[in-house]
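Working notes for the structure below.
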Amino acid sequence: MASIKFTGAGINSFPSSLTDSSESCRIKFGFSFNKGLSSTRPNMRDLTVTSVATTPPVVIPSPAIEPVHELKLVAWKSIQQERWEGELVVEGEIPLWLHGTYLRNGPGMWHIGDYNFRHLFDGYATLVRLHFEKGRLIAGHRQVESEAYKAAMKNNKLCYREFSEAPKPDNFLSYVGELANLFSGASLTDNANTGVTRLGDGRVVCLTETIKGSIEIDPDTLETIGQFEYTDNWGGLIHSAHPIVTETEFLTLLPDLMNPGYVVVRMEPGTNERKVIGRVDCRGGPAPGWVHSFPVTEHYIIVPEMALRYCAQNLLRAEPTPLYKFQWHPESKAFMHVMCKASGKIVTSVEVPLYVTFHFINAYEEEDEDGRVKAIVADCCEHNADTTILDKLRLQNLRSFSGQDVLPDARVGRFRIPFDGSPNGTLEAALEPDQHGRGMDMCSINTAYLGKKYRYAYACGAQRPCNFPNTLTKIDLVEKTAKNWIDDGAVPSEPFFVARPGATKEDDGVVISMISDKNGEGYALLLDGSTFKEIARAKFPYGLPYGLHGCWVPKN
């Protein structure tokens, strides 16, 4: 692979005709410079630009790229530039049917000036794009330009409340004012760093748990279009970070912190108006349980009520507590509520064993021999009712792995919610947790099976010892086995399944992930959805930080 090396005063020594133009200026080596790059970045003394394709599109190089040998594992380090695009050289073969764009969102910048954030969930959102077309792969990334991000860059300090960070007040009066802004929601972040989803009408929205953190983006350019404004009168400050999105509807939960419960709402494609389906009152606790995600079946919405409860007292603190914005209330117990999609009525509410989960995998209706629903089965990535996983995601813990096995155990937790009037449901492991190394999170399925009985799930598992999930895992819920892929010392992001058009088998497709390897580099990876063997990879020109969740945008 050829490379071109410049040595000198850095990027700012190029003629102003290149750096001052409002348009990206193509030069003969196949890359360009853009005025939009931050002027506060240090000059680059030794710029190496690698030719990653024979006919690459516009590439925007960074004035802050560090030598790879100094970066090592970059999964937990801030992105080295604000934006980039280029075609990648592919090893192996990308299926010609794979035609569209995979978008991945996640926290990718964990510092402002000299100040470093403390938790994985605090980082400013970085979108990564993988566009597949005719066996080629064009990649790129860009920062999501939320108000929180823009204010931090302009003022060189934290200006909004993030997951575990709060602006430091200058005096008592400013502290009182900041509290007032907290109650109104003005000081809450709109840093949409959790997920990205394609709505049924084609719009693409980045999301986090604050309602104001719904931001529309352009899936082709990754440009931030602006805040996604809901046009209804339903207030509140937070919602589930993971709505259920199909071609026909958008479903989400709005936790009610004042009158503990959850409002279930639906939004139709082409609108910004959420309409209420129904409400679930909490059966326990001083506040609603945290609802990062929730499952649905064909006819029902399942509302989880964890003993890990929202905590207004912790929210008011300027310093993080061990459980951040939550408190563990085992005495409040845990429940699962089932609501009819059509009527909004509660079909059943059952107590279940204590559990902790970020991500539900899928749910389906279990029928008797007469075709009547007798139970709901709901699967999740369950952390054995252990809340320590939240604190294990502090950046200090992720960056300082000493070889000890410190990742808390997790499993595929399977709830069974009976419809026979029983007051209790069950929670058991859907397969032996050692099959996937007792690590389990960041899951996806074939979306054609959403809310239906299914067999396969794709997630991140563990090869011990580790401090973070480090394998890609295919779960077979019928055979109760797992296939695991690992690159020693690397950190893979969420495996995302894309079905082959016209497929009749559930696992006929590919699994996409992005890998941060132990050498400070990274690559996009394609696995065969059936065999779970590697079919292609494409190296990025520099390492990318870890990301959270993604979506697929098919090519029209």
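No lab work stands behind these numbers, since they all come straight from the coordinates. A quick note: this is a predicted structure, and the numbers were derived from the prediction, not measured. Glycine also receives a Cβ, built like all others from the backbone with ideal geometry; neighbour counts cover every protein chain displayed.
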| In the stretch 347-394, which trypsin sites (Lys or Arg not before Pro) fall in coil by DSSP and have 11 or fewer other Cβ atoms within 10 Å? | R372
| remark: Computed ³J(HN,Hα) along the stretch 380-388: with the Karplus parameters 6.51/-1.76/1.60, θ = phi - 60°, integer Hz and x for glycine or proline, the list is 8, 8, 10, 9, 6, 6, 10, 7, 5
| query | Alpha carbon centre of the stretch 280-314 versus the stretch 107-152: separation in Å? | reply | 29 Å
| message | 5 Å is the cut-off here: which amide hydrogens, built 1.01 Å from N in the peptide plane, fall below it relative to G261, excluding neighbours closer than 5 in sequence? | response | D256, C282
| remark: Restricting to lysines and to Cα separations under 18 Å from K212, and discarding same-chain partners fewer than 8 apart, the set is K150, K275, K325
| Can you list the HN-Hα couplings for the stretch 259-267, worked out from phi with the Karplus curve (6.51, -1.76, 1.60; θ = phi - 60°), rounded to whole Hz and with x for Gly and Pro? | 10, x, x, 9, 9, 9, 10, 10, 10
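What's the ranking of 464-476, 218-230 by average number of surrounding C-beta atoms within 10 Å, highest first? Show your work: numbers first, answer last.
Values: 464-476: 21.1, 218-230: 15.2.
With the highest mean Cβ count within 10 Å placed first, the list reads 464-476, 218-230.
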| field | the stretch 328-374: GluC sites (Glu not before Pro) in DSSP loop, at most 11 other beta carbons within 10 Å | value | E369
| query | Given the pairs K483/K555; K505/K533; K168/K392, which span a C-alpha to C-alpha distance of over 19 angstrom in this model? | reply | K483/K555; K168/K392
| task | Would you pull out the residues with amide H under 5 Å of W84's amide H, same chain only if 5 or more places away, H placed 1.01 Å from N? | result | H141
| task | For D232, put the label point 7 Å out on the Cα→Cβ axis and report which residues of the stretch 267-285 keep their amide N under 19 Å from it. | result | 267-282
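Compute the length gained on full extension between K150 and V276: take 0.36 nm times their separation in residues and subtract their Cα-Cα distance, giving the result in nm to one decimal.
Details: separation 126, 0.36 × 126 = 45.36 nm, distance 3.35 nm.
My answer for the length gained is 42.0 nm.
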